[in-house]
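Below: one structure, written as structure tokens.
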Amino acid sequence: MIYLDNAATTPVDPQVAQVIAQSLGEDFANPSSLYKIGAQTENKISSARRQIAGYIGAKEDEVYFTSCASESNNIAIYGLSMARKNWANKIVTTGYEHPAVRKPLENLKEMGFTVVNVNPKADGNIDPAEIVDAVDSKTALVTLIHVNNETGAVLDVKSLCEKIKAKNKRTVIHIDATQSFMKTPIDVTKIPCDAMAFSGHKIYAPKGIGGLYLKKGTNIKTVMAGGGQEKGLRAGTENIHYILGLAKACELLNGNIKKNFNHYTKLKAHLLEGLAQFDNVVVNSPENAMPYTVNFSFMNYRSETLLHFLEADEIYISSGSACSKGAASHTLSVMGVDAKRIDSSIRVSFGIHTTTEDIDTFIAALKKASEKLQKVKK
Ligand SMILES: Cc1ncc(COP(=O)(O)O)c(C=O)c1O
């Protein structure tokens, strides 16, 4: 199997699975219980929280565990906006957010907020000045996707946060770091954001665990009320097993961010070299995109058809065309890409296990598929 869809999800690292399996056997006590074994599970959660906080320059009590990045985004976006609605009614965002941000913003619009979307240009990049320009005295929240999940387009969040705060220091900034967490260094002591969402299953932990960084002292309304866990921000008995698994996944990646980045850079160069032999390939990712996500159109072939062709050879990629599971690529649409190019778009996303041989096999399979499909067309 050649798995080239690591932006969608990643396999669980065996060392992470081992930590979880051990915890499933040992850590059954409710961390809220007052007796000794409850305190023991609570201590293990604290130590995982401290460890993860340390990797992003945060303090232990600034990291909250959730079930996924969608939940983290929802908690932050609703909670931060609602806490400011007595003085502010504007939210600024990019036009290419993930639905986990886009959908809550649509709901907030119905609740009376004005949402300003800053779209990317044809090259896939957003002009950061347009984001800063949109911020005014009534802006409650700016929410930004750090690395776009479809094209790998990246925002300079440090510079953006500095400029936004200089314009309105009361505006809070949330970052959706789902596609950048543990893939590029993130240090919240240098990036003046107030909140940041991340997810476990993009970094070799299981589905069902995520996190939210929330700067200490940030005013937020609770949208997930209940038993008061996670300092009242996210009710629900903590998933200690997956929390420990997430900490292990972060530990395994944290020391290797640079090495992995270089690995992805080599893989991307190799892929682009392979794609250069086809005269019908148009690259949709910006040139300066993160190297682990490459979006391109294999013109004249519907990506969904190609996806199923490749699947027969156990090669897994993602398609940007409209299919039964969803609408056509939102990011490419707001870039102004025409429908035909969107319908032929493919996303290849590398993982730590991807090799140059995998890329060679993928290119050979692409060649085979296009030859076969050409014959069908004739
Ligand atoms: C940028 C971005 N934000 C949010 C999410 C949602 O993550 P999760 O599946 O953990 O809810 C994803 C998942 O693909 C994503 O890529």
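The values are calculated or read from the model by the stated rules, or taken from the named source; none is laboratory data. As the structure is a computational prediction, the values presented were derived from the model and not from experiment. Note: ideal-geometry Cβ built from the backbone for every residue, glycine included; neighbour counts use all protein chains shown.
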Let me spell it out: the conditions are (1) among the acidic types (Asp, Glu); (2) part of a helix (DSSP H, G or I); (3) in contact (Cβ under 8 Å) with a residue 12 or more places away in the chain, and Asp123 meets all of them except one. Which number is the exception?
(2)
Are there any pairs, at least 6 apart or on different chains, whose C-beta atoms fall under 7 Å, with the first in segment 284-298 and under 17 Å from Ser345 (Cβ atoms) and the second at pLDDT 95 or above and acidic (Asp, Glu), and if so, which?
Pro286/Asp123; Asn295/Glu150
The conditions are (1) away from the ligand (no atom under 16 Å from the Cβ); (2) within 22 Å of the chain's Cα centre (by Cα); (3) surrounded by fewer than 24 Cβ atoms within 10 Å (Cβ to Cβ); (4) assigned by TED's automatic domain parsing to the domain that holds Gly38, and Thr218 fails exactly one of them. Which is it?
(2)
Restricting attention to segment 144-174, and to residues there that are aliphatic (A, V, I, L, M) and near the ligand (Cβ under 10 Å from one of its atoms), which single residue is surrounded by the most Cβ atoms within 10 Å (Cβ to Cβ)?
Ile145
Output the helices (runs of 4 or more DSSP H) that fall wholly within segment 9-113 and possess 3 or more residues being within 16 Å of the ligand (Cβ to nearest atom), or say none.
69-82, 99-110
Would you point out which residue out of Thr237, Thr189 is modelled with pLDDT of 95 or more, more than 15 Å from the ligand (Cβ to nearest atom) and within 25 Å of Ile126 (Cα to Cα)?
Thr189
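If you go through segment 149-163 one residue at a time, do you hit one that is touching a residue at least 24 places away in the same chain (Cβ under 8 Å) and within 18 Å of Arg84 (Cα to Cα)?
Checking segment 149-163: not a single residue is touching a residue at least 24 places away in the same chain (Cβ under 8 Å) and within 18 Å of Arg84 (Cα to Cα).
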Among Ser329, Ser319, Ser345, Ser303, the single one that is of a type in the set (S, T, N, Q), in contact with a strand residue (DSSP E or B) (Cβ under 7 Å, 6 or more places away or on another chain) and free of Cβ contacts under 8 Å to residues at least 40 places away in the same chain is Ser319
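Of the residues Tyr316, Tyr264, Tyr301, Tyr242, only one is within 30 Å of Ser33 (Cα to Cα) and among the hydroxyl-bearing types (Ser, Thr, Tyr); which?
Tyr242
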